[in-house]
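Working notes for the structure below.
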Amino acid sequence: MTNIDDRIAVDLRGEQITIGRQPDGSVKVEVINGRGEPLAGAVLPPLADSGQPQAHTTGPQTISGTTSADATPAVTVSGRRAVGRSTRKLRPGLWTPADVGLVLGSAATAALVVAVVLRQFFESPGWLADLSLWFVLTLGLVYFTAREQMGPLAARDRVATLVIGSGALLLVVPLVSLLGYIFIKGLPSLRLSFFTHDLKGVAPGSPATEGGGLHAIVGTLEQAGIALLIVLPLGVLTAVFLNETRSKFRRPVRIIVDAMSGLPSIVAGLFIYSALIINKPGNSPLFNFNGFMAALALSMVMLPTVTRTVDVVLRLVPDGLREASLALGASRARTVWSIVLPTARSGVTTAIVLGLARIVGETAPLLFTSFGNTLLNGNPFKDPQESLPFFVYRLVKLPSATDSERGYIGAVVLILIVLSLFTIARWAGRPRKAKTRSPRPATDLLTSATGRSS
Amino acid sequence: MSGAQMTNGLSTRAATKLRERPGSKPNDPPTVVDQVFTGFTRTSGIIVLGLLVLIAVFLFREALPAFREAGWSFFTEYRFDIGANNRKPELGVLGLLLGTMVVAVIATGIAIPVSVLTALFITDIARGRARQLMIGLVDLLAAIPSLLYGLWGFAFLSNYIPSVSEWTSGKLGFLAVFGVKDGGQYIQSYFIAGTVVSMMTLPIITSICREVFDQAPPGEKEAALALGSTRWGMLWNVVLPFGRGGIIGGSMLGLGRALGETIAVSLLLPQIPSLSVHVFEYGGATISGFIANNTGAQGLTLAGLLGAGLVLFCFTLITNFLASIIISRSRSGAGVDA
């Protein structure tokens with residue numbers, strides 16, 4: 001231990017894993033038990049002037065550590081051999097293949113050490129411990145090798161970049177796992193008949209390929225469609241009102257729209273249930289558990305978000321365009337219709353489609369309003385109606401395996417709908433190449449003019 | 001003197017008279033089209049205003065019986081008994097509120113570091129394709145329905161979290177919050193619910209952070225690099241300090257989102273309100289999840305649920321309001337729409 005110059009040590013119930021830099025520039029990973037006896041270890045060699053780096057290992061393992069071999073001669077700094085430290089400009093932000101190799105090698109080494117230590121010698125506390133230990137070891141290895149190559153400042157940059165990248169990865173991994181899990185569970189039993197049948201005559205516990213979700217798909221489309229019909233004109237007009245007029249009502253409208261966008265969706269459903277379905281104003285038969293009530297609750301959720309996003313999009317339209325239009329004598333209405341809305345078209349479309357994607361998967365407002373149904377009901381204004389989220393929510397909670405499997409099929413279809421809406425939104429919102437309507441070339445004018453004159 | 005006279009003279013000799021008096025409005029009346037346009041937009045604005053105000057007022061009116069019945073104990077009682085089998089319902093929102101807070105805090109606590117790192121990755125590290133891909137993935141994360149998160153957490157993640165809970169609880173069990181009673185189960189805990197809800201708060205925190213980091217002044221970033229700072233040095237000394245307001249504001253918006261999360265939580269928690277919080281142990285309830293698990297409520301119970309919903313709404317409102325103030329006050333957040 002004494003010959004180790006800089007090192008970090010990870011303590012595990014008395015046993016230690018150390019990563020250390022030795023005076024000759026090599027990096028040593030060692031596992032030491034409570035009595036100070038080494039159990040396993042690996043040495044990443046110094047970055048010598050020539051020769052392939054080779055890892056010297058002890059213990060039952062192989063090492064694939066690649067390090068960037070730098071061709072510049074070693075420079076002696078303050079009596080100490082700074083091995084491989086280049087005199088060239090350091091570019092720690094630049095990742096050469098050798099750097100990537102170094103990271104991968106460190107990760108592999110760390111994985112081996114973790115596997116050996118936690119799986120062979122001790123009982124691992126769990127997957128998260130393995131993962132954290134592996135991550136810390138990898139960072140340590142990268143830090144010390146990069147420090148050897150480029151000095152502490154650049155090494156810190158490397159490690160920070162790695163941490164930031166891992167953070168981004170941490171966001172991607174659950175997303176992929178979620179999509180993968182639902183597809184794996186649901187896709188094998190997805191048959192075409194799912195789109196043509198409802199759950200009529202399907203006994204609980206019958207195979208998941210039997211029956212289908214037609215009633216749920218129809219319900220979802222109808223409810224989302226009605227909500228869209230309500231929200232689209234109101235939301236866009238309100239956003240135009242907020243942006244393009246000088247009314248003194250704009251401030252209260254904006255405040256209340258902002259406030260209502262924080263309304264929890266379950267409260268929207270509860271409100272419709274309490275105010276319309278229980279109270280039945282005017283004793284109208286419309287106010288009962290049906291798809292229309294669900295659509296009302298959904299539009300309560302959708303209206304504030306769509307209004308706000310369209311408002312933001314309209315705000316991005318440059319004032320110069322508006323002023324030019326008004327200066328040319330166009331009315332305000334004409335300006336909005338011909339200038340502002342076309343300019344903001346892709347943004348408005350994206351806002352609306354994303355709002356739609358959100359309510360298609362919204363379950364909470366439906367619990368109190370559409371009530372669910374196992375049979376096809378095409379009339380949204382009468383009788384309870386099923387919808388996809390409802391279908392999934394109800395079925396996956398059932399104890400029977402085939403029933404919950406049927407729920408997963410619904411989840412796959414729901415994901416596919418959301419994904420396609422999402423793709424449409426991305427496609428509509430893509431940065432468009434400016435359509436250049438080139439004026440007639442000047443030469444053209446010239447020839448026509450001369451032609452006329454001649 | 002003469003200069004002033006000159007300008008006076010010039011101004012009186014201005015070309016054409018534009019207006020009768022300075023400050024008066026142009027006297028040409030708006031065209032019919034414009035009147036219709038103004039009328040239409042104003043009507044829709046007022047309809048939206050009216051509708052939303054009406055909803056707020058109705059919500060309060062419908063919840064009033066519960067407040068009247070329970071009085072102040074509505075806020076100090078932790079039990080919320082829906083009064084099955086003709087028992088008198090007992091209405092208290094404290095236990096639910098506490099659970100909601102715990103889930104939201106755990107969720108935001110997990111989400112903040114991941115979001116900030118992802119935002120930094122998108123603004124300053126990734127280039128070209130990778131950058132576009134990351135932006136798309138964050139948007140996709142926001143588009144996935146919360147039901148599917150709940151499903152994933154319920155069926156998949158619940159198999160992996162309890163071992164972590166058990167180990168952590170074993171190490172930190174001397175603190176009551178982390179402790180688990182003998183024989184207690186580690187499934188359906190606040191921790192699992194918080195982990196899943198954190199996935200749903202990620203996109204909003206990330207996108208606010210990203211907008212704010214994007215607005216860090218390029219001059220100062222370049223100055224830091226020109227003075228020999230590494231990229232990390234630049235991020236640490238320029239981008240992060242500038243983005244602090246955005247990080248705080250975005251986190252509060254994420255908190256607001258986590259407070260209202262319903263379906264995932266209703267799948268992941270048993271919805272038993274209680275005053276003692278053990279984050280790793282089976283048990284817990286949140287307002288929205290509790291409402292979702294009590295469909296078909298009637299009478300006083302319904303009023304109580306509406307009251308609980310109203311309390312939740314108020315909390316979300318306050319959180320979002322504070323967040324937008326923080327974001328708009330922070331220098332970095334100029335022009336960010338919370």
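Each value in this text was obtained by applying a stated rule to the coordinates, not by laboratory testing. Model, not experiment: these values are computed from the prediction. Ideal geometry is used to build each Cβ from the backbone, glycine not excepted, and the neighbour counts take in all protein chains shown.
Between the alpha-carbon centers of region A:193-223 and region B:194-265, tell me the distance in whole angstrom. Cα centres, region A:193-223 to region B:194-265: 44 Å. Our estimate of slack between B:K171 and B:R127, defined as 0.36 nm per intervening residue step minus the Cα-Cα distance, is 11.7 nm. Multiplying the residue separation of A:L104 and A:S132 by 0.36 nm and removing their Cα-Cα distance gives an extension gain of 8.4 nm. Taking a span of 24 Å or more along the helix axis (Cα atoms) and a mean Kyte-Doolittle hydropathy of at least -1.0 as the rule, the DSSP H helices of chain B that qualify are B:32-70, B:94-120, B:190-214, B:299-329. In chain B, the calculated helix contribution to ellipticity at 222 nm averages -21000 deg cm²/dmol per residue, counting -39,500 (n - 2.57) for every DSSP H run with n ≥ 4. In terms of the Cα gyration tensor, with a ≥ b ≥ c the square roots of its eigenvalues, is region A:243-284 rounded because a/c is under 1.5, prolate because a/b exceeds b/c, or oblate? Taking the square roots of the gyration eigenvalues as a ≥ b ≥ c, region A:243-284 is oblate. Taking 0.36 nm per residue of separation and subtracting the current Cα-Cα distance, fully stretching the chain between B:E220 and B:Y160 would add 17.1 nm.
Quick check on packing: order B:241-250, A:182-191 by the mean number of other C-beta atoms within 10 Å, highest mean leading.
Highest mean packing first, the order is B:241-250, A:182-191.
Annotation: region A:198-319 has a Kirkwood hydrodynamic radius of 16.9 angstrom, from the mean reciprocal C-alpha pair distance. Mind running the shape call on region B:221-338? Use the C-alpha gyration tensor, a ≥ b ≥ c as the square roots of the eigenvalues: rounded below 1.5 for a/c, prolate if a/b tops b/c, oblate otherwise. Here region B:221-338 falls in the prolate category. Computed from the C-beta positions of B:Q298 and B:I272, the FRET efficiency with R₀ = 30 Å rounds to 0.90.
For the peptides B:256-267, B:49-60, the ranking by mean Cβ contacts within 10 Å, running from highest to lowest, is B:256-267, B:49-60.
Taking every residue in A:242-253 and counting other chain Cβ atoms within 10 Å of its Cβ, the average works out to 3. Using a Förster radius of 56 Å, what is the FRET efficiency between B:D34 and A:S400 based on their Cβ-Cβ separation? Nearest 0.05, please. It comes to 0.30. A straight line joining the Cα centroids of region B:106-167 and region A:390-409 runs 25 Å.
Out of every Cα-Cα pair in chain B, what percent are more than 28 Å apart? Roughly 59 percent, once rounded to a whole number. Once both labels are positioned 7 Å from their Cα atoms along Cα-to-Cβ, the gap between B:R87 and A:L316 label points is 5.4 nm. Across peptide A:170-180, the mean count of Cβ atoms from other chains lying within 10 Å of each residue's own Cβ comes to 6. Partner shielding of B:292-300 amounts to 4, given as the average count of beta-carbon atoms from other chains within 10 Å of each residue beta-carbon. Treating r as the C-beta distance of A:S420 and A:V163 and R0 as 56 Å, the FRET efficiency rounds to 0.95. Each label point was placed 7 Å from the Cα along the Cα-to-Cβ direction; for B:R329 and B:W236 their separation is 2.9 nm.
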